[in-house]
Amino acid sequence: CKKAILVACQDAQLAEKAEYAFPRGGSTVSGPTVHLLRAVAQRWKNINTQIMEIGRGGGESKVMVYAIDVENNYLEQMSFSVPHYRISKEKGRVLLTDDRDIYEMVANQGARRQRKCLEDIIPRGVIQAAIQECHETLKKAAKATPLDKRIGAALKKFSKEYEITAEHLAAY
């Protein structure tokens with residue numbers, strides 16, 4: 001299983017989205033993404049995981065997430081509520097009324113908890129080996145592309161997706 005996991009981590013697309021990182025309280029929070037953990041779980045075998053919306057009403061969804069290692073009969077499960085609003089810096093609390101917006105909020109919150117359940121099921125050493133293989137994959141991909149092309153692609157992505165210009169990045 002571990003060999004299959006490492007082979008999967010040699011895919012540049014998976015390696016690119018294998019880890020998350022974001023600033024929180026003056027430090028950086030980081031770890032494996034749900035994308036990586038789902039790929040690992042598929043190859044670890046005998047893991048069943050699911051996100052289920054089990055009820056909706058009163059401006060919130062009731063959700064259950066689980067991951068079970070069927071071979072070892074070990075279960076991690078979480079039940080939680082997802083309020084049907086989003087917090088916006090400009091508008092404050094914005095109610096979600098569109099089914100797609102609600103679905104996306106539930107899926108996002110569910111994926112975070114699914115990630116935690118999978119982290120608790122899959123041995124830590126296996127996850128670390130997968131992350132390391134993803135790092136090696138990204139290093140190889142970076143060496144294959146000249147620096148000026150990588151910089152140009154990064155600037156284009158920042159500009160297109162985040163409306164951040166080269167001048168913004170230089171100032172930062």
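Every number here is computed from the coordinates shown, using simple stated rules; none is lab data. All values reported here derive from a predicted model rather than from experimental measurement. We place every Cβ from the backbone using ideal geometry, glycine too, and count neighbours over all the protein chains shown.
Please work out the Cα center distance from the range 121-171 to the range 69-91, rounded to the nearest Å.
Going from one Cα centre to the other spans 28 Å.
Taking Lys116 as the anchor, which lysines have their alpha carbon closer than 26 Å to its alpha carbon, excluding any fewer than eight residues away along the same chain?
Cross-link targets: Lys2, Lys3, Lys17, Lys45, Lys62.
Taking +1 at the Cβ of each Lys and Arg and -1 at the Cβ of each Asp and Glu, which of Tyr103, His135, His84 sits farthest along the dipole of the range 82-146 towards its positive end, judged by Cα position relative to the Cα centre?
Comparing the listed Cα positions along the dipole, His135 ranks first.
Explain nothing, just the number: dipole magnitude of the range 51-172 about its Cα centre with +1 on each Lys and Arg Cβ and -1 on each Asp and Glu Cβ, in debye rounded to the nearest 20.
440
Note down the net charge around Ala67, summing +1 for each Lys or Arg and -1 for each Asp or Glu among other residues with Cβ under 15 Å from its Cβ.
Around Ala67, the charge tally is +3.
If amide hydrogens are placed 1.01 Å from N in the peptide plane, which non-local residues have theirs closer than 5 Å to the one on Gly31?
Correct list: Tyr20.
What is the P(r) of the chain, as percent of Cα-Cα pairs per 5 Å bin from 0?
1, 7, 12, 14, 16, 15, 14, 11, 7, 2, 0
Name the long-range amide H neighbours of Leu96: under 5 Å, sequence gap of 5 or more, or other chain; modelled H, no Pro or chain starts.
The list, which skips near neighbours in sequence, is Tyr85, Arg86.
Which residue, Val63, Val94, Val106, has the most motion in a Gaussian network model of the chain that connects Cα atoms within less than 10 Å?
Val94
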